[in-house]
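For reference, the structure discussed in these notes is given below.
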Amino acid sequence: MEPDVHIFGVAKLGNDAEEYEDATGSSSEGRRFAIADGATQTSFADRWSQILALEFIMNPPADEPAPVRWNNWLQPLQEAWSMGIPWDKLPWFALEKARTGACTTLLALEFVPTQNGNGHARPALWRRLLGVLPEPAMRWRAEAVGDTCLFQVRGDRLLQSFPLSRPAEFTHSPVLITTNPQQNRLVCEHLKTAAGDCQPGDLFLLMTDALAKWFLGRHVVGEKPWQRMLELRDESSFRQFVVAEREAGRIDNDDTTMMCIRWPHEGEVAS
Amino acid sequence: MPYSAEISRANPSCFVFLIDQSGSMENPLPGAQGLRKADGVADAINRLLQNLVIKCARGEGVRNFYEVAVIGYGEAVDHAFSGPLSGRQLVPLSDIATQPARIEERRKISGNGNGTKTEHLVKFPIWFEPRAKGVTPMGEAIQSTVDLLTPWIASHRRSYPPIVINISDGAATDTGPVPQAKELRNLATDDGEVLFFNCHISDQPTQPVVFPANDAELPDDFARTLFEVTSPLPESLAEQARAEGMKLAADARGFAFNADLTELIRFLDLGTRSGKLK
């Protein structure tokens, strides 16, 4: 079983496409996903967010206790970021700025098949015959630093909102992952984790902060914002939606990225 | 809500620094280890410009979130950048970044976290030179700012309003500052009136009065006049000051009296932290 995955992004109004600082990664077998939001007030943040999002897919942190795990994973990536900066060619101001390092959020999501094997749930007919509750096809676990969010929707109901659940929780200074290894301990202290089961038909929406704040804002007034998200089937419709909401003052002007992961219902084939 | 516009390259904001260059700026500046007031102010302005450039640096370039003018007043009232920017009025930040008059190397001592201190050389770009001669034509300097900002405002209606910071050590010797300041503060973008902040620097190591909400603690008519023409701090700036432990009343103004070097730098730092950079 593989999910149907769509990834859309719109750059901040007034910025060029090459200044886009959000990054995404998704594994070809549909098990690992990452989304990172490079902090615009730092330099070379686009490279840093790309490194983290892609590395989580290619070489995720090893299965070790949290502080060791993250420190061991981040240190070589911090070196890779630094190696990519043309230090000797930078003018004085760019050099000073780059020395202060780059920052990014990271939301990493992983799906793990349950013990019944390969991720397929036991057929519904058998479950009915046996009179047991539906057995989850998958478990998921997520880790987050910063304000990039995950929403799990099941049966037209919001099941999980992680790591933030209210619009007021979005601040201008979330804790971020920096290129400075001395800050890694702080990252571990602020790392948030969540886990749950995944049923056929479940929808997972991963969003950077501007859209996540909009999403939660609509949800707290009783709307079902995921329905609007599901209507956005291509880059063009996503762009139109973001631009219109920005003009209406409902979405902040920021790089805006969404990853939509929809697991097929039983018997349904992913598009 | 006023003073909430995003500062972007499409809608930049601007700073104008008015610098007293009268003869009395020869006198020592308290807290500045033998520096004259003119030297201390020049250092503070150069450091501020350096920080502003670094703050707006992205990758290998600088984003033009601001334009900056420096007007000196003393023997004459004139635009006061030196070097390649000499004579230029409002200068985009990218030109400031790439065209300092020169780059000095200065010794900086910093702690390394284990109690020991190390000395190292740091780059210190210079755009503005100290000068101290003549009287204090503050009114004329403010009027020049009105003339400079009137067309800028007309072409930047959606921008965060300009911030004008006046640094002086004494009373105006012309008709200023009241009528000119009134005209200046009548200028406004759609996001709010021009902000006019004033910093009086002291000859004496006396207790500074910083961001007062009324003139009760001010010692003389000159201080009260300067307070009267100063803008209230927008709430976003007041919040940042409070976040750093300063106790500010609700209607605090962007005003400092008898500031020493430390207060001058803190005043400039806070006064230029306007708006959300996009």
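So here's what we get for this one:
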| read-out | value |
| --- | --- |
| Selected residue (criterion: nearest to B:Gly61 (Cα to Cα)) from residues of region A:87-99 that are facing another protein chain (nearest Cβ under 8 Å), under 32 Å from the mean Cα position of the chain (by Cα) and not hydrophobic (A, V, I, L, M, F, W, C) | A:Lys97 |
| Number of positions in region B:146-180 that are of a type in the set (S, T, N, Q) and in contact with a strand residue (DSSP E or B) (Cβ under 7 Å, 6 or more places away or on another chain) | 3 |
| Residues of region A:38-58 that turn out to be more than 14 Å from chain B (Cβ to nearest Cβ) and out of contact with any Lys or Arg (no Cβ under 7 Å at 6 or more places or on another chain), as a count | 6 |
| Residue list for region A:233-261, restricted to those being in contact with a helix residue (DSSP H, G or I) (Cβ under 7 Å, 6 or more places away or on another chain) and either within 14 Å of chain B (Cβ to nearest Cβ) or of a type in the set (D, E, K, R) (or both) | A:Glu245, A:Arg250, A:Ile251, A:Asp252, A:Asn253, A:Asp254, A:Thr256 |
| Matching entry among A:Gln160, A:Gln152, A:Gln78 (being at pLDDT 95 or above, touching a Leu at 6+ places or on another chain (Cβ under 6 Å) and among the polar types (S, T, N, Q)) | A:Gln152 |
| Selection within region A:57-91 - within 30 Å of B:Phe124 (Cβ to Cβ), in contact with a helix residue (DSSP H, G or I) (Cβ under 8 Å, 6 or more places away or on another chain) and surrounded by 14 or more Cβ atoms within 10 Å (Cβ to Cβ) | A:Gln78, A:Trp81, A:Ile85, A:Leu90, A:Pro91 |
| Meets criteria (within 14 Å of chain A (Cβ to nearest Cβ) and among the basic types (Lys, Arg)) for B:Lys55 | yes |
| Selection from region B:192-211 of residues that are at pLDDT 95 or above and in a loop (DSSP other than H, G, I, E, B) | B:Val194 |
| Matching residues, region B:242-278, being within 25 Å of B:Asn11 (Cα to Cα) and at pLDDT 85 or above | B:Gly254 |
| Search result, residues across region A:211-249 that are surrounded by 14 or more Cβ atoms within 10 Å (Cβ to Cβ), under 20 Å from A:Ala168 (Cα atoms), of a type outside the set (Asp, Glu) and in contact (Cβ under 8 Å) with a residue 24 or more places away in the chain | A:Leu211, A:Ala212, A:Lys213, A:Trp214, A:Phe215, A:Leu216, A:Gly217, A:His219, A:Lys224, A:Trp226, A:Arg246 |
| Residue count for region B:220-263, restricted to those that are farther than 30 Å from A:Ala39 by Cβ and either of a type in the set (S, T, N, Q) or in a helix (DSSP H, G or I) (or both) | 13 |
| Residue ID - nearest to the other protein chains (Cβ to nearest Cβ), chosen from residues in region B:264-278 that are basic (Lys, Arg) and not in a helix (DSSP H, G or I) | B:Lys278 |
| Single unsatisfied condition, B:Arg158 versus (1) within 14 Å of chain A (Cβ to nearest Cβ); (2) part of a loop (DSSP other than H, G, I, E, B); (3) modelled with pLDDT of 95 or more | (3) |
| Residue that is farthest from the other protein chains (Cβ to nearest Cβ), among those in region B:10-45 that are farther than 20 Å from B:Ser202 by Cα and at pLDDT 90 or above | B:Val16 |
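The values are calculated or read from the model by the stated rules, or taken from the named source; none is laboratory data. All values reported here derive from a predicted model rather than from experimental measurement. Here Cβ is always computed from backbone atoms with ideal geometry, including for glycine, and neighbour counts include all displayed protein chains.
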